[in-house]
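Engineer: Quick one: this structure, given as structure tokens, is what I'll be asking you about.
The values are calculated or read from the model by the stated rules, or taken from the named source; none is laboratory data. Just so it is clear, the model here is predicted, and its values are computed rather than measured. Backbone-built Cβ (ideal geometry, glycine too); neighbour counts: all protein chains shown. The accessibility values were calculated without ligands, DNA or RNA, using every heavy atom of the protein model including side chains. Shrake-Rupley method; radii C 1.70, N 1.55, O 1.52, S 1.80 Å.
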Amino acid sequence: MSKKIIESYRRKLAQEEGWRVKQGAQIRIALCYPNTHAIGMANLGLHTMYELFNKIPEASCERVFLPDADEMREYEKSRSTLLSLETQTPIRDFDVVAFSISFETDYLNMARMLQMSGIPVWSKDRNHFHPLVVMGGAASFLNPEPIADFTDVIAVGEGEVLAFQLIDAISEGGDKEEILLRLARIGRGFYVPSLYDVIYNDDETVFDYLPKETGVPKRVGRALAAVNPKEGTLRRAIKRGETELAEFLKNQDIFCPSTAVWSPEAEMGDRLLVEISRGCSQGCRFCWAGYNYYPPRVVPAKDILAKAAEWRGKTNKIGLVSTAVCDHPEISTILSELRKMDYRITVSSLRLDQISDELLDALVESKDQQIAVAPETGSDRLRRVINKNLTNDEIVDICGSVFDRGMLTIKLYMMVGLPTETEEDLDEMFVLVERIKDRMLEAGKKFGRAGKIITSLNGFVPKPNTPLQWDAICDEKELKQKIKYVCKGLSKIPNTEVRFMSARIAHEQALFSSGDRNIAKVIESAARLKGNLNDALRETGIDPKFHVARDREYGEFLPWSIVDSGLSFDFLKTEHEKAHEALSSKPCPAVEKCTTCGVCPTTWLADASPSLIQIQPAKVRQALAAI
Ligand code: SF4
């Protein structure tokens, strides 16, 4: 074991507060983040799972990160096995190795960390002496197939529900096979890949998944934190003056995900991060984060403010984590109370249609938020294709209200390669950016300075469980040409900076997000070949085009269908058809008894199949039944 690595880890721990080592716990968990400490500690999912696991009396949880460049050199030089941060214990000595993965691009790092731990990467090569390898995080319920052969069990859904069920199932005892079968038979929340045969058609598309044991479900339902109030239900109760119901919803016993370990050296480590809501109601047709966290739910203001009060002695910076900050029915209370506590507020993302004066004022005060918004395209027609229901005129007006407050630099997220896109659509992007730049210069006169328009271009990547899941990614060569064309056009606009993601990276992302079980071979090979994907594709003989560059038929069994996200086929198909006709749809109302997309009927309502009904406390069900 390398002394230098141990010293490096101890230095990190000395700079942190809030980490813990629980002695005598029956189940030891190595919680792995497949990226470096600096990046991982900015991930709220990691903090959440660390706190949840350590809350469970039988469990003790330590963190593990991909070593940074210096540490990696030392690992390679000393041939050390990968160690946990807290007690510098080899990962292979833990009972559970649990990966928290938010982005498919980290799959290579996951394989690499297993290789560094001396744990066989393929689940079939592991035995009873090896830890149980679990994978969770947002990427797990998008499409678990590309890493299915690495994992013993995949957590399908949200940690608040699944952490406890996992530990319960392990605590009941038995060998690894018995534990896995117990988890799979829960019916919702745990996918055990080894308990399914994948049957392929002659053309190599998936025909079906066949459970190998009785009681193992055909499709694995997504588990949700159902105790959190739905955003629309709470908003309506407040608006209609239904005080009793509103108070009831605000006073549930709710877990508030937030920073668990104070780590000032990490990215954004100088602030308290708090999740204020989950999911977004808008239904942008490309957005996996919206659909995969349906229905939008909130953490009540009182829980958020309690966390803020607890941490105020340590920091005056708070980051509100949400895909739709201003949709929170209590956002005014949250902002005004945080400002009274003298917090400098930042937000994780800002939806254009929901920018309020109140929020802008709070962000101006905080002085450390660069405003980033996402028009996605310069074409009103294309914005209807993706169901982002804003016009260019509205976007220019909204940017204007940002500039009028003296925030003269704005970042615009744009996409290239969207379905049905034409050259005219791309040209409209130049017109929109020019108009925003003119509005910025006009506002700048008042402040005696000019700002900058930073345009960030990404290639469109179709994501599982979204209405655009059937569309192919734009051909790599064509995407490259389109990115070049847009970059050239935008760079001619004064006061404008252009940043872009390469077509190659977009295609890599598409392969890891929409591939089937065979993609694990590419990931294992690329991890072994130090990230060289081209060599990995050559070595495995896998043709990426088959997985990403073809439109899929509605009748095709999609590899990620093993996970039942709750979204109905009919809903997704209708949304896909509407996309291709440039027709927009209404947002998710996030209220009780809605059946539009299928998620709530299979989670909250009694007409779902018994295995899919979400466990929800009886008193919550009773109160909501009265609505
Ligand atoms: S069923 Fe209705 S309320 Fe529930 S997630 Fe779908 S659209 Fe939203």
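Engineer: When the residues of region 345-367 are narrowed to those that are assigned to a loop (DSSP other than H, G, I, E, B) and farther than 21 Å from LEU305 by Cβ, which ends up nearest to the chain's Cα centre (by Cα)? Show your work before the answer.
Structural biologist: Step one: of region 345-367, the residues assigned to a loop (DSSP other than H, G, I, E, B) are 348-351, 355-356, 367.
Cutting the leftovers down to farther than 21 Å from LEU305 by Cβ gives us 349-351, 355, 367.
Details: SER349: 13, LEU350: 16, ARG351: 16, ILE355: 22, LYS367: 27 Å.
Top of the filtered list is SER349.
Engineer: Inside region 304-326, can you point out the residues that are open to solvent by less than 20 Å² (accessible area, probe 1.4 Å) and either aliphatic (A, V, I, L, M) or farther than 19 Å from MET41 by Cβ (or both)? Break it down into steps so the answer makes sense when it comes.
Structural biologist: As a first pass, look at region 304-326 and keep what is open to solvent by less than 20 Å² (accessible area, probe 1.4 Å): 304, 308, 315, 318-320, 322, 324-325.
ILE304, ALA308, ILE318, LEU320, SER322, ALA324, VAL325 - these are the residues of region 304-326 that are open to solvent by less than 20 Å² (accessible area, probe 1.4 Å) and either aliphatic (A, V, I, L, M) or farther than 19 Å from MET41 by Cβ (or both).
Engineer: Considering (1) within 22 Å of THR595 (Cβ to Cβ); (2) more than 16 Å from the ligand (Cβ to nearest atom); (3) not hydrophobic (A, V, I, L, M, F, W, C), say which one PRO300 fails and leave the rest.
Structural biologist: The number of the failed condition is (1).
Engineer: Looking at region 572-601, which of its residues are assigned to a helix (DSSP H, G or I) and closer than 24 Å to TYR191 by Cα? Step through it out loud before you land on a result.
Structural biologist: Narrowing region 572-601 to residues assigned to a helix (DSSP H, G or I): 572-580.
The answer is LEU572, and nothing else.
Engineer: With region 98-215 as the region, which strands (runs of 3 or more DSSP E) entirely inside it contain at least 3 residues that are open to solvent by 30 Å² or more (accessible area, probe 1.4 Å)? Explain how you work it out, then say what you get.
Structural biologist: On the way: elements: 132-136, 153-155, 196-200, 206-211.
Because the criterion is at least 3 residues that are open to solvent by 30 Å² or more (accessible area, probe 1.4 Å), the strands (runs of 3 or more DSSP E) in region 98-215 that meet it are 196-200, 206-211.
Engineer: Report, by residue number, each residue of region 255-290 that is open to solvent by less than 30 Å² (accessible area, probe 1.4 Å), part of a loop (DSSP other than H, G, I, E, B), within 16 Å of the ligand (Cβ to nearest atom) and of a type outside the set (D, E, K, R).
Structural biologist: GLY279, CYS280, SER281, GLY283, CYS284
Engineer: Sticking with this structure for a sec: List every residue pair whose Cβ atoms lie under 8 Å apart, where the two residues are 6 or more positions apart in sequence or sit on different chains, the first residue falls within region 592-604 and is of a type in the set (Asp, Glu), and the second residue, located anywhere, is at pLDDT 80 or above and near the ligand (Cβ under 6 Å from one of its atoms).
Structural biologist: Pairs found: GLU592/CYS600.
Engineer: Right, here's the next one. Could you identify the single residue in ASP564, ASP570 that is surrounded by fewer than 17 Cβ atoms within 10 Å (Cβ to Cβ) and either under 27 Å from TYR196 (Cα atoms) or under 22 Å from the mean Cα position of the chain (by Cα) (or both)? Don't jump to the end; show me each part of the working.
Structural biologist: Values: ASP564 fails: surrounded by fewer than 17 Cβ atoms within 10 Å (Cβ to Cβ).
Step by step, each of ASP564, ASP570 is checked, and only ASP570 is surrounded by fewer than 17 Cβ atoms within 10 Å (Cβ to Cβ) and either under 27 Å from TYR196 (Cα atoms) or under 22 Å from the mean Cα position of the chain (by Cα) (or both).
Engineer: Just to verify a result, which residue in region 585-605, among those that are of a type in the set (Ser, Thr, Tyr) and at pLDDT 90 or above, is nearest to the ligand (Cβ to nearest atom)?
Structural biologist: Taking region 585-605 as the starting set, the residues that turn out to be of a type in the set (Ser, Thr, Tyr) are 585, 595-596, 602-603.
So of that shortlist, the ones also at pLDDT 90 or above come out as 585, 596.
Numbers: SER585: 10, THR596: 4 Å.
Within region 585-605, the match that is nearest to the ligand (Cβ to nearest atom) is THR596.
Engineer: Related question: Looking for something touching a residue at least 12 places away in the same chain (Cβ under 8 Å) and either farther than 30 Å from GLY406 by Cβ or not in a helix (DSSP H, G or I) (or both) - is there at least one such residue anywhere in region 431-439? Don't jump to the end; show me each part of the working.
Structural biologist: Just the residues of region 431-439 that are touching a residue at least 12 places away in the same chain (Cβ under 8 Å), to begin with: 431-437, 439.
Filter once more, keeping what is either farther than 30 Å from GLY406 by Cβ or not in a helix (DSSP H, G or I) (or both): none.
The answer is no; no qualifying residue exists.
Engineer: Looking for something assigned to a helix (DSSP H, G or I), open to solvent by 40 Å² or more (accessible area, probe 1.4 Å) and within 16 Å of the ligand (Cβ to nearest atom) - is there at least one such residue anywhere in region 247-254? Steps first, answer last, please.
Structural biologist: Taking region 247-254 as the starting set, the residues that turn out to be assigned to a helix (DSSP H, G or I) are 247-250.
Pick out the ones that are also open to solvent by 40 Å² or more (accessible area, probe 1.4 Å) and you get 247-248, 250.
Add one more test, that the residue is within 16 Å of the ligand (Cβ to nearest atom), and what stays is none.
Among the residues of region 247-254, not one is assigned to a helix (DSSP H, G or I), open to solvent by 40 Å² or more (accessible area, probe 1.4 Å) and within 16 Å of the ligand (Cβ to nearest atom), which makes the answer no.
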